[in-house]
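A.B. asks: I'd like to ask you about the structure that follows.
The values are calculated or read from the model by the stated rules, or taken from the named source; none is laboratory data. Being a predicted model, the structure only gives us computed values, none of them experimental. Here the Cβ positions follow ideal geometry from the backbone for every residue, glycine too, while neighbour counts run over all protein chains shown. The protein model used for the area step is the full one, side chains on, heavy atoms only, and it has no ligands, DNA or RNA in it. Shrake-Rupley method; radii C 1.70, N 1.55, O 1.52, S 1.80 Å.
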Amino acid sequence: MPNVTYIQPDGKEVTIEARDGDSVMETAVRNGVKGIIAECGGACACATCHVFVDEAFMGKVGEPGPLEDDMLDGSAEERNACSRLSCQIKMNADLDGLRVRIASEQV
Amino acid sequence: MGERILIVGAGQAGMQIAVSLRDAEFDGTITMIGEEAHGPYQRPPLSKAFLAGESDEESLELRSPAFYVENNIVVITDERVVDVRWDAAHGTAITNTGREVAFDKLALTTGADARPMDVEGVDLDGVLYLRGLADAKALKSRWDAAANVVVIGGGFIGLEVAAVARKNGKTTTIVHRSERLMSRVVSPTTSKFFKEAHERRGTTVLLNTQVSRFVGGGGKVTGVELADGTVIPADIVMIGIGVIPRGDLAAKLGLELKNDSIVVDEFARTSNARIVAAGDAVVMPHPLTGEGQVALESVQNAVDQAKVAASTLMGVDHEYKAVPWFWSDQDTMKLQMAGISTGYDETVLRGNPDEEKFSVIYYRDGRLIAIDSVNEVLDYMAVRKALGAGQTIPSDTASDTSVKLKDMVQD
Ligand SMILES: Cc1cc2nc3c(=O)[nH]c(=O)nc-3n(C[C@H](O)[C@H](O)[C@H](O)COP(=O)(O)OP(=O)(O)OC[C@H]3O[C@@H](n4cnc5c(N)ncnc54)[C@H](O)[C@@H]3O)c2cc1C
Ligand code: FES
């Protein structure tokens, strides 16, 4: 199962083994990683699961879709080129070792 | 021994209170008791992705079982708290199995039940409600074999189930009692749009229509008989006519209720200072204006109010201030709402409903109070942010789609 490392807003790093097919958001929330709120549970409706993907992984993770892109425009912490909503990134073997920094402001 | 906090109701709000207490470094005992078979899980997917077969049971969990162990949160499932006894120093909750749990402070997050319908045939197999996972599984187990689905009630849950049914190729009918869909919360423009959008997808929408009974054979439902005698064939009937807040335990505790809802103040305190309450079970002052009493059945409210309740339990007064928001996914239509539109005196339409991409913006006394957006995320986010910052958007320019709403925001 693929690993994903989160850099929490408090600076702490947490690595979790994800279920294949689970989103980066679900993996974090279910395991109590701090900083991802995810009020809508992954419906791409709240923008409280904002992360900055490690640049090295941007190619594999890809760009946000159009809906996600609009949501990111309203995110609490200003977006950058590596911004994604973590509920829209599904984990798979290809993403093993993924690193994401969690936005410090979500609401 | 540290302080003991008991949370009754292991749902969205109960879970959040427990988590927020630990986040605030509460070092006493936390026990959460819930009458469902499962620990806290998400309800919204039950009428969306879960029904559509796009998510499984495990992905509904709000936290993994290991999380509660690691955070020393005791979760007791499958038990209902039936009574509470008070002694001078502390309280004791008693469950239906006879278990007794002593506590110093109490949180009620008992949620709501689906509002039952009182008509002939309601007990037939295939006539279902949708509030919990058990309901959703009952619905799903009959889903594939069903050709005809009738939804009673044109609210969010009913419309979502209808959308999945139609998408799965079922003959789908929505029977709604009043003259427009979701009439309690959205404007006539939004209601009309959703009626037409569901009809465009092949669903029959009957407004101003009463059910007289459910008909069946061999204990199974086969149809819905309307007041005018018409019978609509049905293999599944899903009743979504609203909820009844669970104020039963609060009533036993002598707390102030309004109808069935527990009355709380802006600190999520009930009429007994030792008891807080949050989520679908309560009515509260409007979270933006502080006026009146509102009930908000949403994840956002359950989560944000639970945080306030946790703070109150820790002895820190933290007033509930939050922009209410909500979403509903119906096929390709993403409805997003922010603010509370009740009491509006003006609306502005932005965008084109015929393209299934528009917003209705609500005003009161010339000030922005709410928005419904369909597939217009930017509008929705702009209004959500503006409301949070106490700002407004002039109504005379809001319809101009050549300018982004967020560029019109002013104090
Ligand atoms: C099908 C469906 C779709 C939804 N879709 C959306 C959506 O898209 N967006 C949105 O924002 N909201 C949605 N909601 C609403 C949202 O799920 C609720 O607002 C939220 O779950 C409320 O949380 P709560 O903790 O107050 O109540 P609940 O989550 O209902 O939890 C209350 C729990 O307390 C238990 N309980 C009650 N009394 C006792 C007792 N005496 N002893 C022990 N346990 C007890 C109940 O069994 C229940 O498990 C939806 C709801 C449903 C049912
Ligand atoms: S969880 Fe709500 S947008 Fe990602």
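A.B. asks: Which condition number does B:Glu319 fail, the rest of (1) more than 12 Å from ligand 1 (Cβ to nearest atom); (2) within 14 Å of chain A (Cβ to nearest Cβ) being met?
C.D. replies: (2)
A.B. asks: Across the range A:37-65, which residue is surrounded by the most Cβ atoms within 10 Å (Cβ to Cβ) among those that are of a type outside the set (A, V, I, L, M, F, W, C) and facing chain B (nearest Cβ under 9 Å)? Show your work before the answer.
C.D. replies: To start, the set of residues in the range A:37-65 that are of a type outside the set (A, V, I, L, M, F, W, C) comprises A:39, A:41-42, A:48, A:50, A:54-55, A:59-60, A:62-65.
Checking which are facing chain B (nearest Cβ under 9 Å) leaves us with A:39, A:41-42.
On the way: A:Glu39: 23, A:Gly41: 25, A:Gly42: 23.
So, considering only residues that are of a type outside the set (A, V, I, L, M, F, W, C) and facing chain B (nearest Cβ under 9 Å), the one surrounded by the most Cβ atoms within 10 Å (Cβ to Cβ) is A:Gly41.
A.B. asks: What number of residues in the range A:25-73 are out of contact with any Cys (no Cβ under 6 Å at 6 or more places or on another chain), away from ligand 1 (no atom under 16 Å from the Cβ) and assigned to a loop (DSSP other than H, G, I, E, B)?
C.D. replies: Residues that pass the stated criteria total 10.
A.B. asks: May I ask you to verify whether A:Gly21 is within 16 Å of ligand 1 (Cβ to nearest atom), within 14 Å of another protein chain (Cβ to nearest Cβ) and within 26 Å of B:Ala52 (Cα to Cα)?
C.D. replies: no
A.B. asks: Go through (1) in contact (Cβ under 8 Å) with a residue 60 or more places away in the chain; (2) surrounded by 15 or more Cβ atoms within 10 Å (Cβ to Cβ); (3) more than 14 Å from the chain's Cα centre (by Cα) for A:Asp73 and report which single condition fails.
C.D. replies: Here A:Asp73 meets the rest and fails (1).
A.B. asks: Among B:Thr230, B:Thr172, B:Thr190, B:Thr222, which is closer than 16 Å to B:Leu335 by Cβ and β-branched (Val, Ile, Thr)?
C.D. replies: Working: B:Thr230 fails: closer than 16 Å to B:Leu335 by Cβ; B:Thr172 fails: closer than 16 Å to B:Leu335 by Cβ; B:Thr222 fails: closer than 16 Å to B:Leu335 by Cβ.
None of the other options fit; the residue is B:Thr190.
A.B. asks: If B:Gly14 meets every condition in (1) near ligand 1 (Cβ under 8 Å from one of its atoms); (2) of a type in the set (Gly, Ala, Ser); (3) open to solvent by 10 Å² or more (accessible area, probe 1.4 Å); (4) under 30 Å from A:Glu17 (Cβ atoms) apart from one, which number is that one?
C.D. replies: Of the numbered conditions (1) near ligand 1 (Cβ under 8 Å from one of its atoms); (2) of a type in the set (Gly, Ala, Ser); (3) open to solvent by 10 Å² or more (accessible area, probe 1.4 Å); (4) under 30 Å from A:Glu17 (Cβ atoms), the odd one out for B:Gly14 is (3).
A.B. asks: Another question, if that's okay. Which residues, counting only those in the range B:283-302, are touching a residue at least 60 places away in the same chain (Cβ under 8 Å) and more than 13 Å from chain A (Cβ to nearest Cβ)?
C.D. replies: Within the range B:283-302, B:Leu288, B:Glu297 meet the criteria.
A.B. asks: Follow-up question, since we're still on this one. So which residues in the range B:120-136 are open to solvent by 30 Å² or more (accessible area, probe 1.4 Å) and in a helix (DSSP H, G or I), if there are any at all?
C.D. replies: B:Ala134, B:Asp135
A.B. asks: If you don't mind, there's one more thing I want to ask. Out of all the residues in the range B:360-391, which are in contact with a strand residue (DSSP E or B) (Cβ under 6 Å, 6 or more places away or on another chain) and of a type in the set (Val, Ile, Thr)?
C.D. replies: Matches in the range B:360-391: B:Val360, B:Ile361, B:Ile369, B:Ile371, B:Val374, B:Val383.
A.B. asks: For the range B:17-48, enumerate the residues that are in a helix (DSSP H, G or I) and surrounded by fewer than 20 Cβ atoms within 10 Å (Cβ to Cβ).
C.D. replies: Our first condition is that a residue be in a helix (DSSP H, G or I); within the range B:17-48, this holds for B:17-23, B:44-47.
Of everything in the range B:17-48, those that are in a helix (DSSP H, G or I) and surrounded by fewer than 20 Cβ atoms within 10 Å (Cβ to Cβ) turn out to be B:Ser20, B:Arg22, B:Asp23.
A.B. asks: Within the range B:81-89, is there a residue that is assigned by TED's automatic domain parsing to the domain that holds B:Gly279, of a type in the set (Lys, Arg), surrounded by 15 or more Cβ atoms within 10 Å (Cβ to Cβ) and away from ligand 2 (no atom under 16 Å from the Cβ)?
C.D. replies: We begin by selecting, within the range B:81-89, every residue assigned by TED's automatic domain parsing to the domain that holds B:Gly279; these are B:81-89.
Add one more test, that the residue is of a type in the set (Lys, Arg), and what stays is B:85.
Subset that is surrounded by 15 or more Cβ atoms within 10 Å (Cβ to Cβ): none.
No, the conditions are met nowhere in the range B:81-89.
A.B. asks: For residues in the range A:74-98 being within 16 Å of A:Thr5 (Cβ to Cβ), outside any helix (DSSP H, G or I) and touching a Phe, Trp or Tyr at 6+ places or on another chain (Cβ under 9 Å), which is nearest to ligand 2 (Cβ to nearest atom)?
C.D. replies: A:Arg84
A.B. asks: Quick one: which of A:Val24, A:Val61, A:Val29, A:Val33 is within 15 Å of ligand 2 (Cβ to nearest atom) and farther than 28 Å from B:Gly279 by Cβ?
C.D. replies: Numbers: A:Val24 fails: farther than 28 Å from B:Gly279 by Cβ; A:Val29 fails: farther than 28 Å from B:Gly279 by Cβ; A:Val33 fails: farther than 28 Å from B:Gly279 by Cβ.
After applying the criteria, what remains is A:Val61.
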